[in-house]
C-alpha cells in the first residue's frame, strides 16, 4: 500500500474486517473493500468482483497485488481495467484456477512475483531495489507499520499469530 502511494497511485485496500480497512486507511489507503469468506460459487465471484469494481471506479484497477489467492483471484481479475497487471504474490487461500478468457477480455497480464528467486537470479537488481526502498524510507514516504514484536524464543507464537489472521501490520521476530 505504501509503495503504491509513494508511486502516486490511488490505493484500494482489501481485507477481511473493517478494523483492518480502518488501519489501511489510517496508513494512506484511499478506500477499502471488506471481502467475504470464500469459497465462492459463480454468483459469489461476481458479487466480490462488483465490490472491487465499485471501489476502483468504472475503469477498474491498473495493478492488483494478490497475496491471498484462491477464489479471490478470479474475482479480482474480473475487476481489472484494460491492460491491468495482476501480481501473484502467494496463495494462503489456495492456488487459483483462472479462466484465461478474462485475460483476453481485459488485455491484462498475470505476473508472478517470486522474491526469493528474484534475489538469487538478479542480485544487482535486488541491491538497487533495497537502495530505492531505503531511499523512500529515509524520505519518510514509507514507514511499515509494526504491530507486534516477538522475541526469537517465541517465534512459534509469531507464526501462530499470523495464522490466526489477527495481525494488523508487520509481525517482527527480534533477536537480542
In µm²/s, what is D for the chain at 4 °C and 1.567 mPa s, where D = kT/(6 pi eta Rh) by Stokes-Einstein and Rh is the Kirkwood radius from Cα pairs?
-> 73 µm²/s
Between residue 163 and residue 89, with labels modelled 7 Å along Cα→Cβ, what's the label distance in nm to one decimal, could you check?
-> 2.2 nm
Please find, in a Gaussian network model of the chain (springs between Cα atoms separated by less than 10 Å), the residue of 82, 115, 61 whose mean-square fluctuation is greatest.
-> 115
How far apart, in nm, are two points set 7 Å out from the Cα along the Cα-to-Cβ line at residue 121 and at residue 37?
-> 3.7 nm
Residue separation between residue 17 and residue 46 times 0.36 nm, minus their alpha-carbon distance, gives in nm 8.5 nm
Given the options 162, 152, 87, state which has the largest fluctuation in a GNM of the chain using a 10 Å cut-off (strictly under) for Cα springs.
-> 152
Largest fluctuation, 96, 58, 151 only, Gaussian network model of the chain with Cα springs under 10 angstrom, belongs to 151
Inter-probe distance in nm under a simple model that places probes 7 Å from Cα toward Cβ, at residue 9 and residue 129 | 1.4 nm
With Cα coordinates, the longest principal axis of the chain makes an angle with the long axis of helix 42-56, in degrees rounded to 10, of 70 degrees
Once every DSSP H run of n ≥ 4 in the chain is given -39500 (n - 2.57) and the sum is divided by its residues, what mean residue ellipticity at 222 nm do you get, rounded to the nearest 500 deg cm²/dmol?
-> -12000 deg cm²/dmol
On a 0 to 90 degree scale, rounded to 10, what angle separates helix 123-138 from the longest Cα axis of the chain?
-> 80 degrees
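Since every read-out is calculated from the coordinates, none of them should be taken as a lab result. Values in this document were obtained by computation on a predicted structure and should not be read as measured data. Counting neighbours? That spans all protein chains shown, and the Cβs are built from the backbone with ideal geometry, glycine included.
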